[in-house]
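The values are calculated or read from the model by the stated rules, or taken from the named source; none is laboratory data. The shown structure was predicted, so the numbers you read here are calculated from the model rather than taken from an experiment. With ideal geometry, Cβ positions are generated from the backbone for all residues, glycine too; neighbour counts draw on all protein chains shown. Only protein heavy atoms, including side chains, enter the accessible area calculation; ligands, DNA and RNA are left aside. Shrake-Rupley method; radii C 1.70, N 1.55, O 1.52, S 1.80 Å.
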Amino acid sequence: MLERHRFGTKMTRTANGKISLIRQPNSSPDVMESIFDAIGRGVIFTNVDGIVTHMNSAAEDMLDVDRGSIIGKKVYMLPLRTPVYRVLSETCRDSHVDITVRGRVYAILASEVRSRQGVALGEMTEMWDITERKKEKRQWEEFVAMITHDLKSPVTVINGYLQMMKMGVYGGLSKKICDVIDQMEQSGTRLISMIEELLESYQLEVGYLNISRERCDIVKILNGCYSDNLNDARDKNIDFRISMDKEIPQMNVDPKQLSRVFNNLFGNAIKFTPRDGAVTVTAGESNGNLCVRIDDTGIGIPCKDLPRVFNKYFRSASASGFKGSGLGLAICKAIVEAHDGAIKVESVEEKGSRFTVMIALSEE
């Protein structure tokens, strides 16, 4: 339990994130004001009427504002384009959000303040500088992007030579050697897929995702993804089926990127479904949208983890023991949204999951 002392009060953060305010006897307002100003983080307090009543010196410096011009005003009365208005108008109670002010990046987090009796008193907004952390993260991601890009080329060459060997370019091969080459090629393809995920992750971080639209047969794309994952399903004796409406029109999409989405979703369904389970894919038109559903009888996802499954690097505790980078679903979501679509998940732990992809149909 976290305790903070402000202006003759004790502020205690409870387990659910709320702040309880308790008055303290014999506390000098001047002393408490000094303590408030000594806090390294920027802190702003607004009462239940939306009036700014306190701001410490750190907040003044971060927002480049004189507190005298802010205190006593309602948030909606503040100039719209000012940093202080941006900070106080953010919705950031559940998790912090990042904003940039004068070239610096600050994390913003708001907490409800209540009295000991549970009466709402207002909201405390905290700010802290994360510029250097962001810079280090960006440098690391640029380094990873460079390394993964350099790795992709030689792996692609290796796979190319393996395919030429299978074709008999370098002479005949025994069945045993062909089987070994198949395994090598499969591993190389998976390695390329992992490298592409890392590259996509960097592109998402910098706000760049390359979408090259063209007229495509979505049925052909889905059938191709089904074939790509069929052997993995057979290895686990999984009943892997696909059912599609024959009337699905051609769509203006990026075939390579959508193939990545469906390969990832099909592969995940098979990976997290125990032996002898079932994975069913259905595709058709629903209210002017392409609707693709992937149902499995897998391990499922805990209810508490569902809101975070599309976050980068997030892996549910139930997925421990399964290989994965935690990037696949985040990339799927970005690709689908870049097509003006939506992806959602429904799941019951130990019973299975359903992922649904919706993308608007267009016959233009």
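General observations
- Other residues with beta-carbon under 14 Å from the beta-carbon of ILE71 carry, at +1 per Lys or Arg and -1 per Asp or Glu, a net charge of -2.
- Sparse-neighbourhood loop sites, GluC sites (Glu not before Pro) in the range 136-226 - DSSP loop, at most 15 other Cβ within 10 angstrom: none
- With respect to the chain, whose longest principal axis is taken over its alpha-carbon atoms, helix 131-166 is tilted by about 0°.
- When the solvent-accessible area of the range 170-293 is split by element, carbon and sulfur atoms take up 48 percent of it, the probe being 1.4 Å.
- Entry for mean projected area of the Cα convex hull in nm² (calculated from the structure that is shown) out of (1) 18.6; (2) 24.8; (3) 17.5: (2)
- The angle between the Cα long axis of helix 218-235 and the main principal axis of the chain comes to about 80°, on a 0 to 90 degree scale.
- Efficiency of FRET from Cβ geometry, THR82 and THR280, R₀ 35 Å, rounded to 0.05: 0.05
- For the residue pairs LYS304/LYS351; LYS220/LYS246; LYS137/LYS256; LYS135/LYS312; LYS271/LYS312, alpha carbon separations beyond 22 Å are given by LYS137/LYS256.
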